[in-house]
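**Student:** This is the structure, below, for whatever I ask next.
The values are calculated or read from the model by the stated rules, or taken from the named source; none is laboratory data. Computed from a predicted structure; not experimentally measured. Ideal geometry is used to build each Cβ from the backbone, glycine not excepted, and the neighbour counts take in all protein chains shown.
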Amino acid sequence: MITIAVDAMGGDHAPRPEVEGSVHAARELGVRILLVGLPAELKKELAKHSHRGLPIEIVPATEVITMQDSPSHAFRKKKDSSAHVATKLVRSGQADAVVSAGNTGAVMAVARFGLGTLSSVDRPALAAPFPTSKGGTAVLLDVGANVDSKPAHLVQFAVMGEIYYRAIFGTRRPKVALLSIGEEETKGNELTREAYGRLKQSSLNFIGNVEGRDIFNGSVEVIVCDGFIGNIALKVSEGVAQHIAAMLKEALQSTISSKLGYVLSRKAYKSFRKKIDYSEYGGAPLLGVKGVTVIGHGSSNPLAIKNAIRVATELVRGGVNERIERELAAIPVPVEA
């Protein structure tokens, strides 16, 4: 049975969604859950749910990393935080993966330095899924793990993203592209132009450059960029999605007069909200570290936690880390340390 360590104290509303989501995951996904955090709070929350016979255990931690803690302070000073303890469970082999909805920077620091990176990886990358207009999913990486990157790092991101996409979404040969300011090979900055040449020589199904609008049109599955650009794209997309959802809801409420029209429109609205809801995707895997790490949104609800555990489970079953090591080692491109 796959074992997932859940940082139960990390999210904005912890530990309620972490505990409830873990209960659903243990019941529906057939995984063993190690809830890491303050025992008294976890026992109190767990008592609210029917969990008899489920493989759920509580692992104590005495400290909590808040959203206000800087990554460096959290990593150095809060050694017995729930994020640290959950990561140590993976490092010691007591768990196969860690899931956290905590402070993203702090969780990345704890995972990167607590677990270490794979031998063929210079820098880990966060991979975020996006819904497309064709009903599929595109993955953008990096969305925040690295502010500055070199061309060789983008090549690594592309390989890791392609392997992740194959493992989670089942596409045998996903299309890979670079995020730039134009489709032409000469467009972009020095980083994207040099990365373009390297990706063109790789064995990936590289189709060239795409622009920001292509993230959602379904023309490509894996989109690569540095973490600075990726994080901006992610946050802008979240804001636009929330804005459109709010405007759509207001428009429907102001124009619907019949009861039947209200029911039909409400059903369509719910379907729309589900497609753009981050909780349906669970979280973003931190690719390239030793041990599977999935980082969820700070405001994750129980559904998001359950789906983050699902993603972590699929990554473990798919042997993603082993495949990343094997395929990066086969790339005949020099990597700058």
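**Student:** Filtering segment 10-24 down to residues that are modelled with pLDDT of 95 or more and aliphatic (A, V, I, L, M), which residue is surrounded by the most Cβ atoms within 10 Å (Cβ to Cβ)?
**Tutor:** So the residue we want is Val19.
For every residue, the table says whether it meets (1) out of contact with any helix residue (DSSP H, G or I) (no Cβ under 9 Å at 6 or more places or on another chain); (2) touching a residue at least 60 places away in the same chain (Cβ under 8 Å).
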| residue | (1), (2) |
| --- | --- |
| Lys77 | yes, no |
| Thr87 | no, yes |
| Arg91 | no, yes |
| Ala97 | no, yes |
| Gly105 | no, no |
| Val110 | no, no |
| Gly116 | no, yes |
| Ser120 | no, yes |
| Pro124 | no, yes |
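**Student:** Return the residues of segment 174-206 that are out of contact with any strand residue (DSSP E or B) (no Cβ under 9 Å at 6 or more places or on another chain) and among the small types (Gly, Ala, Ser); say none if nothing qualifies.
**Tutor:** Gly197, Ser203
**Student:** Okay, next question. Let me confirm something: among Ile65, Ile163, which residue is among the hydrophobic types (A, V, I, L, M, F, W, C), under 12 Å from Val222 (Cα atoms) and not in a strand (DSSP E or B)? Step through it out loud before you land on a result.
**Tutor:** Values: Ile65 fails: under 12 Å from Val222 (Cα atoms).
On inspection, the qualifying residue turns out to be Ile163.
**Student:** Among the residues that make up segment 40-63, is at least one of them more than 16 Å from Val6 (Cα to Cα), out of contact with any Leu (no Cβ under 9 Å at 6 or more places or on another chain) and touching a residue at least 40 places away in the same chain (Cβ under 8 Å)?
**Tutor:** The answer is no, given that none of the residues of segment 40-63 is more than 16 Å from Val6 (Cα to Cα), out of contact with any Leu (no Cβ under 9 Å at 6 or more places or on another chain) and touching a residue at least 40 places away in the same chain (Cβ under 8 Å).
**Student:** As an exercise: evaluate Ala101 against (1) at pLDDT 90 or above; (2) crowded, with 22+ Cβ neighbours inside 10 Å; (3) touching a Phe, Trp or Tyr at 6+ places or on another chain (Cβ under 6 Å) and give the number of the one condition it does not meet.
**Tutor:** (3)
**Student:** Being more than 21 Å from Val292 (Cα to Cα), at pLDDT 90 or above and buried (at least 19 other Cβ atoms within 10 Å of the Cβ) is true for just one of Lys48, Lys78. Which residue is that?
**Tutor:** Lys78
**Student:** So in segment 202-216, with the set limited to residues that are at pLDDT below 90 and among the polar types (S, T, N, Q), which one is surrounded by the most Cβ atoms within 10 Å (Cβ to Cβ)?
**Tutor:** Among them, the one singled out is Ser202.
**Student:** Exactly one of (1) in the same structural domain as His24 (by TED's automatic domain parsing); (2) assigned to a strand (DSSP E or B); (3) touching a residue at least 40 places away in the same chain (Cβ under 8 Å) is unmet by Pro129. Its number?
**Tutor:** Of everything listed in (1) in the same structural domain as His24 (by TED's automatic domain parsing); (2) assigned to a strand (DSSP E or B); (3) touching a residue at least 40 places away in the same chain (Cβ under 8 Å), Pro129 misses just condition (1).
**Student:** Test His49 against the stated conditions and say whether it is part of a helix (DSSP H, G or I) and in the same structural domain as Met108 (by TED's automatic domain parsing).
**Tutor:** Values: part of a helix (DSSP H, G or I): no; in the same structural domain as Met108 (by TED's automatic domain parsing): yes.
Answer is no for this residue.
**Student:** Working only within segment 156-176, note down all residues that are over 24 Å from Arg213 (Cβ atoms) and buried (at least 24 other Cβ atoms within 10 Å of the Cβ).
**Tutor:** Gln156, Val159, Met160, Ile163
**Student:** Can you tell me how many residues within segment 178-212 are charged (D, E, K, R) and in contact (Cβ under 8 Å) with a residue 40 or more places away in the chain? Don't jump to the end; show me each part of the working.
**Tutor:** Within segment 178-212, the subset charged (D, E, K, R) is 183-185, 187, 190, 193-194, 198, 200, 211.
Retained after the next criterion (residues that are in contact (Cβ under 8 Å) with a residue 40 or more places away in the chain): 194, 198.
Number of matching residues: 2.
**Student:** Could you check Val36 against (1) modelled with pLDDT under 95; (2) under 20 Å from Ala312 (Cβ atoms) and say which number it fails?
**Tutor:** (1) is the only condition that Val36 fails.
**Student:** Related question: Which members of segment 125-142 meet the condition of being surrounded by 24 or more Cβ atoms within 10 Å (Cβ to Cβ) and touching a Lys or Arg at 6+ places or on another chain (Cβ under 9 Å)?
**Tutor:** Asp142
**Student:** Something else about it: Residue under question is Ala5, and the condition is that it be modelled with pLDDT under 95, within 25 Å of Leu315 (Cβ to Cβ) and buried (at least 23 other Cβ atoms within 10 Å of the Cβ); does it hold?
**Tutor:** No; evaluated as a whole, the condition is false for this residue.
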